Amino acid sequence: MPTALITGATAGFGAAAARAFVSAGWQVIGTGRRAERLDALKAELGDAFLPLAFDVRDEAARNAALDGLPAAFAGIDLLINNAGLALGTEPAQQASLANWQTMIDTNISALVAITHKLLPVLIERKGAIINLGSIAGNYAYPGGNVYAASKAFVNHLSHVLRADLNGTGVRVTCIEPGMAETEFTVVRTGGNQQASDNLYAGVNPITSEDLADTMLWIATLPPHLNINRIEIMPVHQSFAGFAIHREGQG
Ligand code: NDP
Ligand code: 8X3
């Protein structure tokens, strides 16, 4: 039975992916800080699901959890680097440095550390990595600042990993979604459910299940195929132009 480790399985894409992969016959190790949510998934999914509660930014907890995997789950075939967050929508000049640091620590440093730790087993098993980048890493928008830059890092890390892993059989994909209704905007706005509801109203956004289906499709392609990157948006989300500031007009 193939085994996937999914970071951030307590909500959104990660929780949906845990359900989709277990339904498809995989074993899943699901991580996140909210242990009670992982326990609920365990109750729902049974022995095929291993809950592993830790903060991805906590080096000691992270290493203890990953070093202590039971033998039945230690042969990881797929790493889904999904845990991540945005904090704030303010312009850079008004943003909180602490928020920036949290996003860098979570979206970049922790992802890099987990990837580095699991590369040996992924190479041994000719496995795969799916990273959650974002359209925010490809297109600039006001208020994106460090969140968007952290996702640009993830998008490009995926390609340079491909370059280094060529010949190992390890596949690497970056999924770069647009607007998806999860807990993402509630977290980004400091717990403002109304702001989240307003953002997605009438948009028919991507769902967590849409993303989970995409992950499963990528993971189950024939082993000679690699999806390098896939950018997915709701039909109702598209592009605007460049903003232009004219001198003398405020
Ligand atoms: P959610 O907020 O619904 O889920 C985020 C997950 O990340 C949770 O399981 C959360 O677990 C986990 N997480 C966050 N911080 C930590 C931490 N310090 N330690 C451990 N786990 C952590 O968001 P999404 O499902 O939408 O987001 C998943 C990924 O997709 C993110 O990387 C996000 O940037 C990306 N993405 C999202 C888009 C969207 O519009 N929703 C679009 C493009 C990309 P817990 O809080 O329990 O620790
Ligand atoms: C999340 C997508 O457009 O809200 O990564 O930044 S967006």
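Annotation: lysines with alpha-carbon distance below 17 angstrom to Lys117 (same-chain offsets under eight excluded): Lys126.
For the pair segment 164-197 / segment 1-58, the C-alpha centres are spaced 16 Å from each other.
A helix-only calculation puts the chain at -12000 deg cm²/dmol for mean residue ellipticity at 222 nm, using -39500 (n - 2.57) for each DSSP H run of at least four residues, averaged over all residues.
Rounded to two decimals, what is Rg over Rh for segment 50-92 when you use alpha-carbon atoms and the Kirkwood radius? Working shown, then result.
Working: Rg = 14.4 Å, Rh = 12.8 Å.
Result for segment 50-92 is an Rg/Rh of 1.12.
For the chain, modelled as a GNM whose springs connect Cα atoms under 10 angstrom apart, the maximal fluctuation among Asn107, Asn138, Asn192 occurs at Asn192. Judged by the mean number of other Cβ atoms found within 10 Å, the most tightly packed of the peptides 48-59, 169-180 leads the ranking 169-180, 48-59. Taking amide H as placed 1.01 Å from N in the peptide plane, the amide H of Cys174 sits under 5 Å from that of Asn131, Arg229, Ile230, each at least 5 places away or on another chain.
For the chain, set up a GNM with springs between Cα atoms under 10 Å and report which of Trp217, Trp26, Trp100 has the largest fluctuation. Looking only at Trp217, Trp26, Trp100, the biggest GNM fluctuation is shown by Trp217. Of the trypsin sites (Lys or Arg not before Pro) found in segment 172-250, those in coil by DSSP whose Cβ has at most 12 other Cβ atoms within 10 Å are Arg246.
Averaged over its residues, the chain has an accessible area of 49 Å² per residue, based on protein heavy atoms and a 1.4 Å probe. At full extension, Glu59 and Asp47 could sit 1.6 nm farther apart than now, given 0.36 nm per residue minus the alpha carbon distance. Given R₀ = 51 Å, FRET efficiency for Ala71-Gln93 by Cβ-Cβ distance, to 0.05? Result of the calculation: an efficiency of 0.50. The ratio of the alpha-carbon radius of gyration of segment 3-230 to the globular-protein estimate 2.2 N^0.38 Å is 0.97. Rolling a 1.4 Å probe over the protein heavy atoms of the chain, with every protein chain left in place, gives an accessible area that is 55 percent carbon and sulfur.
Taking label positions 7 Å along the Cα-Cβ direction at both His159 and Asp39, the computed distance is 4.5 nm, reported to one decimal.
The values are calculated or read from the model by the stated rules, or taken from the named source; none is laboratory data. Predicted model, so just to flag it, every value in this text is computed and none were measured. All Cβ positions, even for glycine, are placed from backbone atoms using ideal geometry, and neighbour counts span all protein chains on display. Just the protein is used for accessible areas: all its heavy atoms, side chains included, with ligands, DNA and RNA removed. Shrake-Rupley method; radii C 1.70, N 1.55, O 1.52, S 1.80 Å.
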